[in-house]
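The values are calculated or read from the model by the stated rules, or taken from the named source; none is laboratory data. This one's a predicted model, so the numbers in the text were calculated from it and none came from an experiment. Cβ placement follows ideal geometry from the backbone for every residue including glycine, while neighbour counts extend to all protein chains displayed.
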Amino acid sequence: MTIARLLALKGRRVLVVDAERRQTKVRLELLAPAARRTIAALGLEPLLLDKAVARSCLGIHRPGTQSEYEDFLMHPDHMGYVVDRAQFDARLRAAAIKAGVEILSLRVTGVAADGNALYVRTAAGSLGSLPVNGIVIDATGRTAAIARRNGARIIFRDRMVAELLTEEHDRRKGPATDDAPSWLVYQGTASDWSYRIAGPSGRVQTWHISPAEVRLGNSTCRVDASAAILSHAAGNRWIAIGDAAMAFDPIASQGLFNALSSSLTAAGLLLSDEGLSPRTAGAWSDAVAATFLQTEVGRTAIPNHSSYIHVKAPGTKSAPLCLE
Ligand SMILES: Cc1cc2nc3c(=O)[nH]c(=O)nc-3n(C[C@H](O)[C@H](O)[C@H](O)COP(=O)(O)OP(=O)(O)OC[C@H]3O[C@@H](n4cnc5c(N)ncnc54)[C@H](O)[C@@H]3O)c2cc1C
C-alpha cells in the first residue's frame, strides 16, 4: 500500500491485487527509533500520534541476573512505537485509496510475459488475466509469490516459528494509562526467546520464537518467523520489496521498517529516469543483500543471538559466509 501510494502520488496508475490474508492483522509490532525518519519521509508521522494505531515504546528490558535496559532515549531518535498492525494497515490502505490507487481483493496465482504485455493471473475465475503494461511489484510478504514464479529462490538463514502465547487486556492501572509509554520485555536462551509487547488501548501480547521443529502446543497462532532472502530481488519487469525480498525474525524488529523503507527506495528507483533496467535490477538485489547481511551482523549484538548466525551469501553455491 505504501509504494502504491507513493507511485500514485507521482501520477502513475497503480493496481494493488491483495489476497487480504489476515495473519498479520492480530499483531502488535515494534517500530524501532530508527524507523521514525523513514516514517517522516513517507509523510506518515500522524499515524504514530494516533492512539488507536501506536503507543510509545521506551526501549527493551531484558530481565535476569544482570537486568539490562536498552533505553531508546540513548538512540538518536529517542523513541520507538508499538503499532497495532490492523489499525496501521487500515490507515495505509485508506491513504493509498485517497492517492488514487485501485485495489482488487484477489490472490495472484501466476505471472507470465507475453510480448509487450505482462499477464498477472488471479484466483478469480471470472476476471482471469490482467494485462499489465508496466512493472509488477512483489509485496506478497514471505511467500514471495511473484518473485518465485520469475525464477528467484528463497534462501533461508534459519527456520523459526513465532507462537502467540497470550493476548491480554492490561487494565491494572485503569483505561487512562492504557496508552502510557511501555517497555518491551525480552527473555532469551541460546535457542529460543520470548517477548511481551504492550500496544495501543492496553493490548498486551506474549510471543515465543523458536526453531520450527519446536511446538509448544498452547498457542493460539503459529506463524513463520524465519530469516530469509531472495536469490535475486528484481528482474525483467518485476521487483520485490518488504518481506518478499528479505524477511527477518521478529527479535530484529526490522521487518515493518524494511517494508516501509524498501517501498520508499524502490519507488525512487522506479520513478528515476533509468527506471527498472538490468543494471538497476542488479543494484537493487545487491542493496537488498547488503541490508540483510548488515542486519544479521547487528543481531550478534543481542545477547544469546550470536551463537548460530551462519549465512550463505546470496548467489554463492559454496563457501558460506559466516558472520560470527
Ligand atoms: C510474530 C511476528 C512478529 C513480528 N514483529 C515485528 C516487530 O515487532 N517489528 C517489525 O518491524 N516487524 C515485525 N515482524 C515482521 C513484519 O510483520 C513484516 O516484516 C511485515 O509485515 C512485512 O510487510 P510486507 O508488506 O512486506 O508483507 P506482509 O505484511 O506479509 O503483507 C503481504 C501481503 O501480500 C498479500 N499476499 C500474499 N500472497 C499473495 C498472493 N498470492 N496474491 C495476492 N496477495 C498476496 C497478503 O494478503 C498481504 O496483504 C514480525 C513478524 C512476525 C511473524
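Things to note:
- Complete set of residues in region 255-269 that are in contact with a Ser or Thr (Cβ under 9 Å, 6 or more places away or on another chain) and either aliphatic (A, V, I, L, M) or surrounded by fewer than 20 Cβ atoms within 10 Å (Cβ to Cβ) (or both): 259, 260, 264, 267, 269
- When region 229-254 is filtered for residues that are among the polar types (S, T, N, Q) and surrounded by fewer than 19 Cβ atoms within 10 Å (Cβ to Cβ), the ones remaining, listed by number, are 231, 236.
- For residue 82, the criteria (1) β-branched (Val, Ile, Thr); (2) farther than 20 Å from residue 27 by Cβ; (3) within 20 Å of the chain's Cα centre (by Cα) hold in every case but one, which is (2).
- Considered as a group, the residues in region 229-276 that are farther than 28 Å from residue 60 by Cα and assigned to a helix (DSSP H, G or I) include one that is farthest from the ligand (Cβ to nearest atom), and that residue is 271.
- Every pair of residues 6+ apart whose Cβ atoms lie under 8 Å, when the first sits in region 33-58 and is of a type in the set (S, T, N, Q) while the second is part of a helix (DSSP H, G or I): 38/257; 38/260; 38/261; 38/264
- Filter pass, residue 124 being away from the ligand (no atom under 15 Å from the Cβ), free of Cβ contacts under 8 Å to residues at least 60 places away in the same chain and farther than 19 Å from residue 8 by Cα: no
- Residues that are in contact with a Ser or Thr (Cβ under 8 Å, 6 or more places away or on another chain) and in a loop (DSSP other than H, G, I, E, B) within region 7-43 comprise 18, 19, 20, 32, 42, listed in sequence order.
- The combined condition, being more than 11 Å from the ligand (Cβ to nearest atom) and either of a type in the set (Lys, Arg) or outside any strand (DSSP E or B) (or both), is not fulfilled by residue 113.
- Residue list for region 113-124, filter: farther than 30 Å from residue 223 by Cα, aliphatic (A, V, I, L, M) and surrounded by fewer than 16 Cβ atoms within 10 Å (Cβ to Cβ): 113, 117
For (1) modelled with pLDDT of 95 or more; (2) out of contact with any Gly (no Cβ under 8 Å at 6 or more places or on another chain), each residue gets a yes or a no:
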| residue | (1), (2) |
| --- | --- |
| 4 | yes, yes |
| 19 | no, yes |
| 42 | yes, yes |
| 55 | yes, no |
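- Filter result for residue 98 (basic (Lys, Arg), more than 16 Å from the ligand (Cβ to nearest atom) and under 26 Å from residue 9 (Cβ atoms)): yes
- Counting the residues of region 71-97 that are surrounded by fewer than 18 Cβ atoms within 10 Å (Cβ to Cβ) and out of contact with any helix residue (DSSP H, G or I) (no Cβ under 8 Å at 6 or more places or on another chain) gives 8.
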